[in-house]
Amino acid sequence: MRDNIIGLIVLTGVFFGIGEWRGWNIGLAGQTPIFVYKKVAQSRVVRRVRVEDSLPFHLNGQIKNGDLTVKGFFKTAANFETSAREGKEKLLFKQNFVKGQKIDLEKVLRAGKGIYIIELDFHETTGLFNLKVKKAAKFNPGK
(Lines give C-alpha, C1' and ligand atoms only; values in the text may rest on other atoms or scores of the structure.)
Protein backbone atom coordinates (compact mmCIF):
# COMPACT_ATOMS: atom_id res chain seq x y z
CA MET A 1 0.00 0.00 0.00
CA ARG A 2 2.84 2.35 0.90
CA ASP A 3 4.53 1.71 -2.47
CA ASN A 4 1.28 2.59 -4.27
CA ILE A 5 0.97 5.89 -2.39
CA ILE A 6 4.62 6.80 -3.08
CA GLY A 7 4.15 5.89 -6.75
CA LEU A 8 1.02 8.05 -6.95
CA ILE A 9 2.83 11.00 -5.34
CA VAL A 10 5.74 10.67 -7.79
CA LEU A 11 3.37 10.38 -10.76
CA THR A 12 1.43 13.45 -9.59
CA GLY A 13 4.68 15.39 -9.20
CA VAL A 14 5.79 14.47 -12.72
CA PHE A 15 2.33 15.28 -14.11
CA PHE A 16 2.28 18.76 -12.58
CA GLY A 17 5.98 19.33 -13.30
CA ILE A 18 5.34 18.79 -17.00
CA GLY A 19 2.17 20.88 -16.68
CA GLU A 20 4.14 23.84 -15.32
CA TRP A 21 6.56 23.53 -18.21
CA ARG A 22 4.29 22.75 -21.18
CA GLY A 23 0.71 22.58 -19.90
CA TRP A 24 -1.63 19.66 -20.53
CA ASN A 25 -5.22 18.80 -21.19
CA ILE A 26 -7.42 15.76 -20.69
CA GLY A 27 -10.51 15.15 -22.80
CA LEU A 28 -11.74 15.60 -26.35
CA ALA A 29 -13.75 18.67 -27.34
CA GLY A 30 -17.26 17.78 -28.41
CA GLN A 31 -17.09 14.29 -26.90
CA THR A 32 -15.96 14.54 -23.27
CA PRO A 33 -15.39 17.33 -20.74
CA ILE A 34 -11.98 18.94 -21.17
CA PHE A 35 -9.73 19.66 -18.20
CA VAL A 36 -7.03 22.14 -19.23
CA TYR A 37 -4.00 23.14 -17.15
CA LYS A 38 -1.83 26.07 -18.29
CA LYS A 39 -2.26 25.09 -21.93
CA VAL A 40 -1.53 27.11 -25.04
CA ALA A 41 -3.27 25.15 -27.75
CA GLN A 42 -6.15 24.97 -30.18
CA SER A 43 -8.95 22.45 -30.29
CA ARG A 44 -11.27 22.11 -33.29
CA VAL A 45 -14.57 20.28 -33.63
CA VAL A 46 -15.69 19.71 -37.22
CA ARG A 47 -19.25 18.72 -38.14
CA ARG A 48 -20.68 18.26 -41.61
CA VAL A 49 -24.36 19.24 -41.83
CA ARG A 50 -26.31 17.73 -44.71
CA VAL A 51 -29.96 17.90 -43.65
CA GLU A 52 -30.37 21.08 -41.60
CA ASP A 53 -28.86 24.48 -42.35
CA SER A 54 -27.53 25.28 -38.87
CA LEU A 55 -25.43 23.82 -36.05
CA PRO A 56 -26.31 24.51 -32.39
CA PHE A 57 -23.69 24.12 -29.67
CA HIS A 58 -23.37 24.75 -25.95
CA LEU A 59 -20.14 25.51 -24.08
CA ASN A 60 -19.96 25.77 -20.31
CA GLY A 61 -17.19 25.95 -17.75
CA GLN A 62 -15.10 28.39 -15.76
CA ILE A 63 -11.72 29.88 -16.52
CA LYS A 64 -9.43 29.71 -13.48
CA ASN A 65 -6.48 31.27 -15.29
CA GLY A 66 -5.58 32.60 -18.75
CA ASP A 67 -8.16 33.21 -21.45
CA LEU A 68 -10.20 31.38 -24.06
CA THR A 69 -11.36 32.42 -27.52
CA VAL A 70 -14.32 30.61 -29.07
CA LYS A 71 -14.75 30.85 -32.84
CA GLY A 72 -17.30 29.41 -35.24
CA PHE A 73 -16.51 28.92 -38.93
CA PHE A 74 -18.39 27.66 -41.96
CA LYS A 75 -17.24 26.38 -45.34
CA THR A 76 -19.04 24.75 -48.20
CA ALA A 77 -18.32 21.09 -48.75
CA ALA A 78 -16.74 19.70 -51.90
CA ASN A 79 -19.17 18.02 -54.29
CA PHE A 80 -17.93 15.40 -56.74
CA GLU A 81 -21.19 15.53 -58.74
CA THR A 82 -20.79 19.21 -59.64
CA SER A 83 -16.97 19.28 -59.34
CA ALA A 84 -17.32 22.06 -56.77
CA ARG A 85 -14.31 22.54 -54.57
CA GLU A 86 -14.40 22.94 -50.83
CA GLY A 87 -14.95 26.59 -49.92
CA LYS A 88 -12.80 28.79 -47.72
CA GLU A 89 -13.52 29.09 -44.02
CA LYS A 90 -15.77 32.04 -43.17
CA LEU A 91 -15.84 33.35 -39.60
CA LEU A 92 -19.41 33.37 -38.24
CA PHE A 93 -18.82 33.91 -34.54
CA LYS A 94 -16.05 34.96 -32.15
CA GLN A 95 -16.09 35.57 -28.40
CA ASN A 96 -13.34 35.95 -25.81
CA PHE A 97 -13.48 34.86 -22.18
CA VAL A 98 -10.95 35.87 -19.51
CA LYS A 99 -9.74 34.72 -16.09
CA GLY A 100 -12.48 34.25 -13.52
CA GLN A 101 -15.29 34.34 -16.05
CA LYS A 102 -17.97 31.67 -15.97
CA ILE A 103 -18.96 30.40 -19.42
CA ASP A 104 -22.49 29.42 -20.32
CA LEU A 105 -22.59 29.99 -24.06
CA GLU A 106 -25.42 28.69 -26.17
CA LYS A 107 -25.11 29.55 -29.85
CA VAL A 108 -26.55 28.47 -33.18
CA LEU A 109 -24.32 28.83 -36.24
CA ARG A 110 -26.44 29.39 -39.37
CA ALA A 111 -24.91 29.45 -42.83
CA GLY A 112 -26.55 26.61 -44.77
CA LYS A 113 -25.58 23.04 -45.48
CA GLY A 114 -21.86 22.37 -45.31
CA ILE A 115 -19.01 22.06 -42.83
CA TYR A 116 -19.12 23.86 -39.49
CA ILE A 117 -16.01 24.25 -37.35
CA ILE A 118 -15.97 25.24 -33.69
CA GLU A 119 -12.53 26.29 -32.54
CA LEU A 120 -11.36 26.74 -28.95
CA ASP A 121 -8.11 28.72 -28.57
CA PHE A 122 -6.53 28.28 -25.15
CA HIS A 123 -3.98 30.89 -23.99
CA GLU A 124 -2.29 29.78 -20.74
CA THR A 125 -5.74 28.49 -19.80
CA THR A 126 -6.67 26.48 -16.74
CA GLY A 127 -10.21 25.22 -16.21
CA LEU A 128 -12.85 22.60 -16.89
CA PHE A 129 -14.96 22.98 -20.05
CA ASN A 130 -17.74 20.99 -21.64
CA LEU A 131 -18.63 21.52 -25.31
CA LYS A 132 -21.82 19.87 -26.50
CA VAL A 133 -22.45 19.86 -30.22
CA LYS A 134 -25.74 18.63 -31.62
CA LYS A 135 -25.34 15.38 -33.49
CA ALA A 136 -26.11 15.46 -37.19
CA ALA A 137 -29.75 14.83 -38.04
CA LYS A 138 -30.43 11.51 -39.68
CA PHE A 139 -32.31 11.16 -42.94
CA ASN A 140 -35.86 10.00 -42.28
CA PRO A 141 -37.58 8.90 -45.52
CA GLY A 142 -41.31 9.40 -44.86
CA LYS A 143 -43.42 7.58 -42.34
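The values are calculated or read from the model by the stated rules, or taken from the named source; none is laboratory data. These numbers come from a predicted model, not from an experiment. Quick reminder, even Gly has a Cβ in these numbers, built from the backbone with ideal geometry, and neighbours come from all protein chains shown.
Residues in region 80-98 that are in a strand (DSSP E or B) and either among the β-branched types (Val, Ile, Thr) or surrounded by 12 or more Cβ atoms within 10 Å (Cβ to Cβ) (or both): Lys90, Leu92, Phe93, Lys94, Gln95, Asn96, Phe97, Val98. For the structure I just gave you, tell me whether Gly30 is within 21 Å of Leu109 (Cα to Cα), in contact with a Gly (Cβ under 6 Å, 6 or more places away or on another chain), modelled with pLDDT of 70 or more and surrounded by 14 or more Cβ atoms within 10 Å (Cβ to Cβ). Against the criterion (within 21 Å of Leu109 (Cα to Cα), in contact with a Gly (Cβ under 6 Å, 6 or more places away or on another chain), modelled with pLDDT of 70 or more and surrounded by 14 or more Cβ atoms within 10 Å (Cβ to Cβ)), Gly30 does not qualify. When Asn96, Asn79 are checked against the criterion of being more than 19 Å from Ala29 (Cα to Cα), out of contact with any Leu (no Cβ under 7 Å at 6 or more places or on another chain) and polar (S, T, N, Q), a single residue qualifies: Asn79.
Applying the condition of being out of contact with any Phe, Trp or Tyr (no Cβ under 9 Å at 6 or more places or on another chain) and not in a strand (DSSP E or B) to region 99-113 and asking which residue is surrounded by the fewest Cβ atoms within 10 Å (Cβ to Cβ) yields Gly100.
On inspection, Ala137 fails the criterion of being surrounded by 13 or more Cβ atoms within 10 Å (Cβ to Cβ), farther than 22 Å from Thr32 by Cβ, more than 16 Å from the chain's Cα centre (by Cα) and at pLDDT below 90.
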